[in-house]
Amino acid sequence: MGCCTGRCTLIFLCALQLLAALERQIFDFLGFQWAPILGNFLQIIIVILGLFGTIQFRPRYIVVYTVWTALWVTWNVFIICFYLEVGGLSKETDLMTFNISMHRSWWREHGPGCIRRVVRPSAPGILDDYSYVSVTGCIIDFQYLEVIHSAIQILLSLIGFVYACYVISVFMEEEDSFDFIGGLDTYCYRQPPLEHVELKPVKPVSKVLVIRTILILLTGLKTTLLLK
């Protein structure tokens, strides 16, 4: 298939989603955010599958990508609600780490302009080597950075969903009349029309000519008999 508008746009969107998911996966690993890490991993796998299906003309793979895109949008909406503490959710909980650790977002201590200080509490009963981190001077709070990341993911996913549905419809229309083996494009590779061969009518044999031929043959036969 040639570089048609919908197909090339979907390939470009899948590439952007893949880069965005990889960038987000790196920072979630740094913050030990296990739930987002799992979600990002699935996003990377499905986007690669959708990219392969778009390039190799596999509508079923694009259908899987489309279904996952709807789920991915839902997950990112939940993350936005979590960090904005909508509906009783609290960003101070360990929900993003499956309650197996106390890690928080990496942006909490390393955001733009953030100054990180290690403070040793002087309260009685606390070990001397125990300390906590104080963060001040952040230009943007970490929860808003997480919301921005999720909003970008939602925007790319919605646009990708629309183009994926369009590409699927194009593929299904062409499936009945074209074999997708070899990755050819019906829009860019068309079979040349057959050349019309001009047929000329054959002239019928004249009756006079036939009679003359018969008379000549009979005359020659008669002459041969007389000579004998």
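The modelled label-to-label distance for the pair Thr136/Ala70, using points 7 Å beyond Cα in the direction of Cβ, is 5.1 nm.
If R0 is 25 Å, the Cβ-Cβ spacing of Val118 and Phe32 corresponds to a FRET efficiency of close to 0.85. Overall, the accessible surface of segment 6-48 at a probe of 1.4 angstrom is composed of carbon and sulfur to the extent of 91 percent. Averaging 1/r over each pair of different alpha-carbon atoms in segment 26-94 and inverting the result gives 13.5 Å, the Kirkwood hydrodynamic radius. The label point for Ala151 and the one for His110, both projected 7 Å from the Cα toward the Cβ, are 2.3 nm apart. Each residue of segment 152-158 was assigned a 3J(HN,Hα) from its phi angle through the Karplus expression (A = 6.51, B = -1.76, C = 1.60, θ = phi - 60°), giving 5, 4, 5, 4, 5, 5, 5 Hz with x at Gly and Pro.
The values are calculated or read from the model by the stated rules, or taken from the named source; none is laboratory data. Here the structure is a predicted model, which is why all the values come from computation and not from measurement. So basically every Cβ, Gly included, is an ideal-geometry build from the backbone, and we count neighbours across all protein chains shown. These area figures cover heavy atoms from the full protein model, side chains too; ligands, DNA and RNA do not enter into them. Shrake-Rupley method; radii C 1.70, N 1.55, O 1.52, S 1.80 Å.
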